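**Student:** Here's a structure for you.
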Amino acid sequence: MAAIDMSGDSITVGVGVTTAQRYATLLANSLSRTIASRAKSGDMAADQAQKAISQARASTSIATIMVGTNDERVYGTSSVRRGYYIAFLRRLVLDAAAPVRKTGRSTAVAKVGMWFNTQVNTIGMTTTQKGAKATATVNGTAVYIGTIIQNHPSAKGTAQVRIDGVLKGTISSDGTGDGGMTTANGLSYGPAAFRFGGLSSGNHKVELTVTSANGQNFRLDYIAGNTSQTGVKTFVSNVIRMNAYGYAKFGGSDASVSAFNTDIATLISTLSADGLQAYAVDNWSQINPATHLLTDGIHPNAAGHVRLYNAFRTAILATL
C-alpha cells in the first residue's frame, strides 16, 4: 500500500484528540494509504528537515508538510528568523519534491581547498577556509543549493554563488541573527536550501566561493537543478491561527501568522512555477479559532481536524 509521508508538529501528532479523530488518520483512511510520519510535538521546520534529510520515498508516495506553528510562536515578528524558517521549509519541500542533486561528498562536485565531511548527515561537506570553492554543473532554469544554518559563533560561513561566471548572490550558514534559529526542542542547526532562478534552459556551471574569514564553518550539502526531478507530490500547509488565550500562553500573533503565510505562499508558488510537484494547502482559512480549537487555544479539536483533513484531501485529489 502506498504511503503518505508526513512532516509535522503536535497538530499532526494529534495532541488532544483520539487517533481516529486525527487529520492524519482520516486522510490515510480516505486515500487507502499507510502513514509514514516523523511528526513530533514542539518541532519546527529545522527539526523536521533534519529528520527527513535521508528519507527515501517510493514513487507512489505523496508527502504532506504542516510545520510553522512553533516557528511562528518562537520566532515571532522577526523577519530574520522568519527567513531562517523559509530556508528550512524550502529544504524540507525540496528533499521530497526535488531529490535529484549532486551532493557535497560526490565527485560530481569539484572542490578546491580543504573540505571535510559534515558530521550531522551523510551527504555534506564543510570548510573553514576562505577562498575554498565547490563547482558543479546542473540542468534547469533554477538552481537549488542545500546547506546547513547553525546558531553558533563559528558557523558564520558565507559563500558567493556564481552561475555561468555571473555573480548571483551570497548564501550563509549563519543562524545567529536576531536571537538565533535554535528551535523550541533545542536543535541549534537545520538543513536549509537557497534558490537562484531566472536562468535559461540547459546546463549551468554553479561555483561557490567561500568569502568568510578562516575558521568560520561553511557547509554544502548539495547543488541541484529543477529539471528531470523525480520527487513525489508534496502538499504544504500554511500556519493556522490560535485564539487570544493561545497567543497569550504560547506566543505569536495574527500579524505574525499572516507574515509567515505570505512567505509560505510565495515559496510554494515559486517552486511550483519551477515545475516541481509542490502544492499549497490553505488550512488557515479552514480553522476558526472560536470553534475549531481545544481549550489550550492552539491545537485543533476533532472538528478542526476534520477541516484539516478536508483541505489536504481536496488538494491531493485535485492532482490525481
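Where a number appears in this text, it was derived from the coordinates with a stated rule and is not lab data. Keep in mind the model is a prediction, meaning the values are calculated, not measured. No Cβ is skipped: glycine too gets one built from the backbone with ideal geometry, and neighbour counts run over all protein chains shown.
**Student:** Tell me, yes or no, whether region 293-306 has at least one residue that is more than 22 Å from Y144 (Cα to Cα), among the hydrophobic types (A, V, I, L, M, F, W, C), touching a Ser or Thr at 6+ places or on another chain (Cβ under 9 Å) and crowded, with 22+ Cβ neighbours inside 10 Å. Talk me through it step by step, then tell me what you get.
**Tutor:** Pass one, region 293-306, residues more than 22 Å from Y144 (Cα to Cα): 293-306.
Okay, now just the ones that are also among the hydrophobic types (A, V, I, L, M, F, W, C), so 293-294, 298, 302-303, 306.
From the residues that got through so far, the ones that are touching a Ser or Thr at 6+ places or on another chain (Cβ under 9 Å) too are 298, 302-303.
Among the residues that remain, those that are also crowded, with 22+ Cβ neighbours inside 10 Å are: 298.
Yes, region 293-306 has at least one match.
**Student:** Can you pull out every residue in region 72-95 that is touching an Asp or Glu at 6+ places or on another chain (Cβ under 9 Å), buried (at least 24 other Cβ atoms within 10 Å of the Cβ) and over 24 Å from K205 (Cα atoms)?
**Tutor:** Y75, Y84, Y85, F88, L89
**Student:** Tell me, yes or no, whether region 262-269 has at least one residue that is among the β-branched types (V, I, T), part of a strand (DSSP E or B) and under 28 Å from A3 (Cα atoms). I'd like the intermediate steps shown before the answer.
**Tutor:** Going residue by residue through region 262-269, those that are among the β-branched types (V, I, T) are 262, 264, 266, 268.
Retained after the next criterion (residues that are part of a strand (DSSP E or B)): none.
Checked against the condition, which is being among the β-branched types (V, I, T), part of a strand (DSSP E or B) and under 28 Å from A3 (Cα atoms), region 262-269 yields no hits at all.
**Student:** Separate question: Hey, can you tell me all the residues within region 207-230 that are of a type in the set (G, A, S), in a loop (DSSP other than H, G, I, E, B) and either touching a Ser or Thr at 6+ places or on another chain (Cβ under 9 Å) or more than 30 Å from A318 (Cβ to Cβ) (or both)?
**Tutor:** Applying the first criterion (of a type in the set (G, A, S)) to region 207-230 yields 212-213, 215, 224-225, 228.
Next, from what is left, pick out any that are in a loop (DSSP other than H, G, I, E, B): 212-213, 215, 228.
Answer for region 207-230, where residues must be of a type in the set (G, A, S), in a loop (DSSP other than H, G, I, E, B) and either touching a Ser or Thr at 6+ places or on another chain (Cβ under 9 Å) or more than 30 Å from A318 (Cβ to Cβ) (or both): S212, A213, G215.
**Student:** Which one of these does T118 not meet: (1) over 24 Å from A98 (Cβ atoms); (2) touching a residue at least 60 places away in the same chain (Cβ under 8 Å); (3) not aliphatic (A, V, I, L, M)?
**Tutor:** T118 satisfies all of (1) over 24 Å from A98 (Cβ atoms); (2) touching a residue at least 60 places away in the same chain (Cβ under 8 Å); (3) not aliphatic (A, V, I, L, M) except (1).
**Student:** Still on this structure: Residues of region 35-74 being touching a Lys or Arg at 6+ places or on another chain (Cβ under 7 Å) and free of Cβ contacts under 8 Å to residues at least 12 places away in the same chain, which ones?
**Tutor:** None - no residue of region 35-74 is touching a Lys or Arg at 6+ places or on another chain (Cβ under 7 Å) and free of Cβ contacts under 8 Å to residues at least 12 places away in the same chain, so the list stays empty.
**Student:** Right, another one. Test I240 against the criterion of being in a loop (DSSP other than H, G, I, E, B), out of contact with any Leu (no Cβ under 7 Å at 6 or more places or on another chain) and β-branched (V, I, T), and give yes or no. Walk me through it before giving the result.
**Tutor:** Working: in a loop (DSSP other than H, G, I, E, B): yes; out of contact with any Leu (no Cβ under 7 Å at 6 or more places or on another chain): yes; β-branched (V, I, T): yes.
Yes, satisfied.
**Student:** Follow-up question, since we're still on this one. Of all the residues that make up region 152-206, how many are of a type outside the set (G, A, S), in a loop (DSSP other than H, G, I, E, B) and touching a strand residue (DSSP E or B) at 6+ places or on another chain (Cβ under 7 Å)? It would help to see each step written out before you state the result.
**Tutor:** Applying the first criterion (of a type outside the set (G, A, S)) to region 152-206 yields 152-153, 156, 158, 160-164, 166-168, 170-171, 174, 176, 178, 181-183, 185, 187, 189, 191, 194-196, 199, 203-206.
Next, only the ones that are in a loop (DSSP other than H, G, I, E, B) stay: 152-153, 156, 164, 176, 181-183, 185, 187, 199.
With touching a strand residue (DSSP E or B) at 6+ places or on another chain (Cβ under 7 Å) added as a condition, the list becomes 156, 164, 181, 199.
Counting residues in region 152-206 that are of a type outside the set (G, A, S), in a loop (DSSP other than H, G, I, E, B) and touching a strand residue (DSSP E or B) at 6+ places or on another chain (Cβ under 7 Å) gives 4.
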